[in-house]
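The values are calculated or read from the model by the stated rules, or taken from the named source; none is laboratory data. What you are looking at is a predicted structure, and each value in this text was computed from that prediction instead of being measured. Here the Cβ positions follow ideal geometry from the backbone for every residue, glycine too, while neighbour counts run over all protein chains shown.
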Amino acid sequence: MSPAVLRLAHPGFFVLGFLARLPIAPLGTLVFVASATGSFAFAGIAGAAQGLASAAGGPLLGALADRYGHPVVGAAGALCTAAALVWLIIAVDVDRTAVVAAAALAGLTQPPTGALVRVYWSRLLRERSAPGQLAAALSYETVADETSWVVGPFLVGALGLFGPIVPLATGAALLVAATLPFALRYGPPAIPPPQQRAALAETTGSPEPMPWRDLGMLFLAMAALGAVFGAVQTGVTVYAETTGRPDAAGLIYALLGVGSAVAGMACGLLPARFSLRARYLVFAATLLLGSLPLLGVGVGFAVPLAVAILSVTIAPYMISLYALTERLAPRHRAGLAIATLCAGGPTGTAAGRGIAGVLADQHGSAGAFAVAPAAAGLALLLALAGAAGQLRTLRPGLVTWPASARRQL
């Protein structure tokens, strides 16, 4: 990561931002509900309700954050999610319907930290007149995301040794101790207010309407990446079960996060002449190439090696999607745009898991892994289609806000 980026934000931003995105609450819900009810199927239903509600709620919260400011929406979301988790703990011995409702409410109100923090970077770098650091900042955020998905499951497992309720209670506590102060301290206000939008559009050249068709293409691109995740998760789980080492599934899947984090850090070093258009196309192609070894699992490729090869293609493609969205969205609706993009991830993951699960029943882990190259192929097709579509409408890059808007940061 660029030292210049480290100097632009307060140290507390990095600490609280990382703690706020740890996926302890969602994973804690699965552990707690499964233990309390004795039903993995019901725990899966509660977890699915939470995940789908989170995907649906992200764009809504992003739109509200654009209108009312990130501190208000982030703080309210953190408190509502913590309250929903407490409700879930109380309801688990009373009413299963209430458990699913509480899990869904927790997902619906979960602040989309990963999305809103990228809006923070976009506005901060624009205010500091440091547009050249955006790639490094987005690289850091992707590394933080990937690291959180390695650290989060580990913490859930470690905390679970003290009781199944501990991970979920810790997730609720982090919402109050990390997400709440992060939103209040570092969440940017609603910028610009309505009376400044016309001046901002004139200064930046940004159109007022949201480019929904272009954003929809990027949503599908992120969903394709999510399907790759879902297929690999299912394939690794089936592989570990069939080889008699179910405990190895987490370790193998962690390779995906580790390799992606390393590749994400390297993205901050890419030269400026490697344009965003070229990055999107090249990294979509490498995602497909990186997924092909999964087709050879059992006939020349070991599963850990195939997952490791795929891992280094994840972050570069993901960073390109975030950068494209930042360049496409109107300034005052960046929260909605990036939250919509982020919603594609869990949506695609759920679809990938479902399809891979059906194929795994018939063809074992090989059937599940085959979904990943198919999804990566879709990602490349979308990138090629985008080359003739949204890539032509990109703004030239970050520019400085009008002075009247900068004063509000």
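For this structure, a couple of remarks:
- Put simply, of 81, 97, 109, 113 the only residue that is hydroxyl-bearing (Ser, Thr, Tyr), in contact (Cβ under 8 Å) with a residue 60 or more places away in the chain and within 19 Å of residue 48 (Cβ to Cβ) is 81.
- Only residues that are free of Cβ contacts under 8 Å to residues at least 60 places away in the same chain and either among the hydrophobic types (A, V, I, L, M, F, W, C) or not assigned by TED's automatic domain parsing to the domain that holds residue 295 (or both) were counted across region 211-250, and they come to 4.
- Criterion: surrounded by 23 or more Cβ atoms within 10 Å (Cβ to Cβ) and either closer than 23 Å to residue 187 by Cβ or at pLDDT 75 or above (or both) - qualifying residue of 102, 98: 102
- Inclusion of residue 307 among residues that are within 27 Å of residue 240 (Cα to Cα), in the same structural domain as residue 243 (by TED's automatic domain parsing), touching a Gly at 6+ places or on another chain (Cβ under 7 Å) and among the hydrophobic types (A, V, I, L, M, F, W, C) is not warranted.
- Within region 220-242, not a single residue is at pLDDT below 80 and closer than 16 Å to residue 308 by Cβ.
- The condition (being in contact with a Phe, Trp or Tyr (Cβ under 8 Å, 6 or more places away or on another chain), under 21 Å from residue 259 (Cα atoms) and buried (at least 23 other Cβ atoms within 10 Å of the Cβ)) is satisfied by just one residue among 383, 343, 379, 375: 379.
- Of all residues in region 355-407, those being aromatic (Phe, Trp, Tyr) and at pLDDT 85 or above number 1.
- Residue 279 being outside any helix (DSSP H, G or I) and either out of contact with any Leu (no Cβ under 6 Å at 6 or more places or on another chain) or touching a residue at least 24 places away in the same chain (Cβ under 8 Å) (or both): no
- The set of residues in region 260-293 being modelled with pLDDT of 85 or more, within 15 Å of residue 306 (Cα to Cα) and not hydrophobic (A, V, I, L, M, F, W, C) consists of 286, 290, 291, 293.
- Taking every residue in region 31-49 that is free of Cβ contacts under 8 Å to residues at least 24 places away in the same chain and pairing it with any residue that is of a type in the set (Ser, Thr, Tyr), at least 6 positions away or on another chain, the pairs with Cβ-Cβ distances below 8 Å are 43/29; 43/37.
- Test result for residue 266, within 28 Å of residue 366 (Cα to Cα) and in a helix (DSSP H, G or I): no
- Test result for residue 63, touching a Leu at 6+ places or on another chain (Cβ under 8 Å), of a type outside the set (Ser, Thr, Tyr), surrounded by fewer than 17 Cβ atoms within 10 Å (Cβ to Cβ) and assigned by TED's automatic domain parsing to the domain that holds residue 138: no
- Selection within region 46-75 - more than 17 Å from residue 25 (Cα to Cα) and in contact with a Phe, Trp or Tyr (Cβ under 9 Å, 6 or more places away or on another chain): 70, 71
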